[in-house]
Amino acid sequence: MHDESAGTRNWLRLIPTVLDALDEGQVLVVDEIDSSLHPMVTARLVGLFQSGETNPHGAQLIFTTHDTSLLGTMLGDSVLERDQIWFVDKNAEGASELYPLTDFKPRKDQNTERRYLAGSYGAVPVLGDFAEAVLGR
């Protein structure tokens, strides 16, 4: 097991919990679901919860991620539906606020990943002051 990559070890630790949730119709909450996992593995994991065949008991998956590819399509299919995407951003007091993509009324033909990375939905890091402090500029 020590010879396996961090991603393989994370996957092996996560899969029993995933299978239990699917078998029992439970809610599974995972922080940083994409940690050391290939984007296609993460998308497949999400897909297990979206398929009636692999999720006959209606289990739910709630997760955080920094993997923006999950906002787009993978192998021609959308990974997440628009109403399944929520963002977290800090307000003026420094508290985290949660808001759905649907607040922005995105069209089906819009590239959600590209628009997110361009800042259209907020919840992107502001690196200006940080970068200046680190680089001494």
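Overview of values
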quantity	calculated
Every residue from region 90-105 that is in contact with a helix residue (DSSP H, G or I) (Cβ under 6 Å, 6 or more places away or on another chain) and either under 16 Å from Val124 (Cβ atoms) or without any contact (Cβ under 8 Å) to a residue 12 or more places away in the chain (or both)	Leu101
Filter result for Thr17 (crowded, with 18+ Cβ neighbours inside 10 Å, in the same structural domain as Leu71 (by TED's automatic domain parsing) and either under 19 Å from Thr65 (Cβ atoms) or modelled with pLDDT of 95 or more (or both))	no
Which numbered condition Asp109 misses (of (1) at pLDDT below 95; (2) in contact with a strand residue (DSSP E or B) (Cβ under 9 Å, 6 or more places away or on another chain))	(2)
Sole exception among (1) at pLDDT below 95; (2) touching a strand residue (DSSP E or B) at 6+ places or on another chain (Cβ under 6 Å) for Glu4, by number	(2)
Members of region 1-14 found to be surrounded by 12 or more Cβ atoms within 10 Å (Cβ to Cβ) and not basic (Lys, Arg), listed by number	Gly7, Thr8, Asn10, Trp11, Leu14
Flag for Leu37 being in contact with a Phe, Trp or Tyr (Cβ under 8 Å, 6 or more places away or on another chain) and either without any contact (Cβ under 8 Å) to a residue 40 or more places away in the chain or not in a loop (DSSP other than H, G, I, E, B) (or both)	yes
Evaluation of Val126 against (1) of a type in the set (A, V, I, L, M, F, W, C); (2) surrounded by fewer than 16 Cβ atoms within 10 Å (Cβ to Cβ); (3) at pLDDT 95 or above (one fails), failing number	(3)
Matching residues in region 10-34 - criterion: being over 24 Å from Val88 (Cβ atoms) and touching a residue at least 12 places away in the same chain (Cβ under 8 Å)	Trp11, Leu22, Asp23, Glu24, Gly25
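The values are calculated or read from the model by the stated rules, or taken from the named source; none is laboratory data. A quick note: this is a predicted structure, and the numbers were derived from the prediction, not measured. Backbone-built Cβ (ideal geometry, glycine too); neighbour counts: all protein chains shown.
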